[in-house]
1. Considering Ser198, Ser175, Ser233, which residue is in contact with a Leu (Cβ under 9 Å, 6 or more places away or on another chain), assigned by TED's automatic domain parsing to the domain that holds Ser131 and over 17 Å from Asn129 (Cα atoms)?
2. Just checking, which of Asn142, Asn180, Asn161 is assigned by TED's automatic domain parsing to the domain that holds Leu113 and under 23 Å from Thr231 (Cα atoms)?
3. Quickly run through the range 167-220 and pick out the residues that are aromatic (Phe, Trp, Tyr) and under 21 Å from the mean Cα position of the chain (by Cα).
4. Which one of these is over 20 Å from Tyr111 (Cα atoms), in contact (Cβ under 8 Å) with a residue 24 or more places away in the chain and of a type in the set (Gly, Ala, Ser): Ala210, Ala203, Ala230?
5. Looking only at residues that are of a type in the set (Val, Ile, Thr) and assigned to a loop (DSSP other than H, G, I, E, B) in the range 66-102, which one is modelled with the lowest pLDDT?
6. May I ask you to list the residues in the range 219-245 that are buried (at least 16 other Cβ atoms within 10 Å of the Cβ) and closer than 12 Å to Asn200 by Cβ?
Amino acid sequence: MRDLQKLFPLVLALLLGFLAGSGMQVEAHGGDANKIHGCLGTTSTTTVKMGGRAFPNGTLLRIVGASESCASNEVAMDWNIQGSANGGILNPLTNADLTDIDLRYHNLSGYSLSNVNSQRTNLGGAKLNNSTITSSSFFSSNFVEASLNSISFTGIFNGNNLNGASLANAVITDSIFGNNILANSNLTGAVFTNTNFSNNNLANSNLTGAVFTNTTVTGSIFNNTTCPDATNSDGNGGTCIGHGM
């Protein structure tokens, strides 16, 4: 539940749809640590009816602890925790703060993430295959041995640890994707366009078939790296520059 406390704000319609689909029952606050607790606040004065209750349009959810109180302009709502492969993370996930959340081994494949902020998030071994991540920022997060195959990404991806991760056929566009540990990673068939790909550690990584268009690759570390043209950096003077990059 501590993981979910960092998520804010999420659209009420997504929450109610999630609850209805999973059979969870919305209840009053009771301080029960076995339940997820939320506070519903508002951003406008136009009311809409959902789930048999009237809420102002623009109602937003923030997750709180079992013993925390909601503000006077918020409605307290609780729902039962039920196990799921994705830990109950809503899809699509918009305007969420994933800072310091532990999402190790979660399956977020096929998810849509927009305007997500992530710092020191633990996504080690997680699956985000075929996910679409737009206008999002990831800093100093753990993606060791994570699967990000065929993701579509725009935003900032800086200073993360992707040792042993797989980004096969990933599409990275109009992004800052630098200062990452990509050692022992699989980047085969990845496409980088209009991206700053500087200062990445690519030791022992496989970039066979990767495409770099209008992309800066200065300062990256090559050591036994398989270059986009399938040659080895060690035989190219310790670089893949000029060999598909």
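1. Ser233
2. Asn180
3. Phe177, Phe192, Phe197 - these are the residues of the range 167-220 that are aromatic (Phe, Trp, Tyr) and under 21 Å from the mean Cα position of the chain (by Cα).
4. Result of the check over Ala210, Ala203, Ala230: Ala210.
5. Ile81
6. Hits for the range 219-245 are Ser220, Ile221, Phe222, Thr225, Cys240, Met245.
The values are calculated or read from the model by the stated rules, or taken from the named source; none is laboratory data. Just so we're clear, the structure is a prediction, and the values are computed from it rather than from any experiment. All Cβ positions, glycine included, derive from the backbone under ideal geometry; neighbour counts span all protein chains shown.
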